[in-house]
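First the structure, in the form of structure tokens, and then the observations on it.
The values are calculated or read from the model by the stated rules, or taken from the named source; none is laboratory data. The model shown is predicted, which means the values in this text are computed figures rather than measured ones. Cβ coordinates were reconstructed from backbone atoms using ideal geometry, including for glycine residues, and neighbour counts include every protein chain displayed.
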Amino acid sequence: MKITSASDMAMAGLRKGMSEVRRSAETLASRPTDAEGVAAAVSLKQAARQVEAASRIIETENEMLGTLLDVKA
């Protein structure tokens, strides 16, 4: 059984979110129909939230590591 670290999961979330941002932006730039445009805009917002959440995981992990180092010092 492989145990995945929080930073590995966060980086995977960042990669997936950024990939979806690119795909949605390309769709929006290609003059989509109304329905395609709405779907791409919603997808873009969801991907942005995913990137934000993954970034917060990394920030939290960094803060925890800093706290641990302070305690050890």
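Scanning region 21-63 for residues being within 28 Å of SER5 (Cβ to Cβ) and among the hydrophobic types (A, V, I, L, M, F, W, C) gives a total of 8.
Reported count of residues in region 27-44, each being surrounded by 11 or more Cβ atoms within 10 Å (Cβ to Cβ) and among the charged types (D, E, K, R), is 1. Pairing each residue of region 4-30 that is free of Cβ contacts under 8 Å to residues at least 40 places away in the same chain and assigned to a helix (DSSP H, G or I) with any residue that is of a type in the set (Val, Ile, Thr) and surrounded by 12 or more Cβ atoms within 10 Å (Cβ to Cβ), provided the two are 6+ apart or on different chains, yields C-beta distances under 8 Å for GLY17/VAL51; MET18/VAL51; VAL21/VAL51. Of all residues in region 46-59, those that are closer than 15 Å to ARG23 by Cβ and without any contact (Cβ under 8 Å) to a residue 60 or more places away in the chain have Cβ atoms under 7 Å from Cβ atoms of residues that are of a type in the set (S, T, N, Q) and surrounded by 15 or more Cβ atoms within 10 Å (Cβ to Cβ), 6 or more apart or on another chain, in ALA47/SER24.
Scanning region 44-55 for any residue that is acidic (Asp, Glu) and either over 21 Å from the mean Cα position of the chain (by Cα) or at pLDDT below 95 (or both) turns up nothing.
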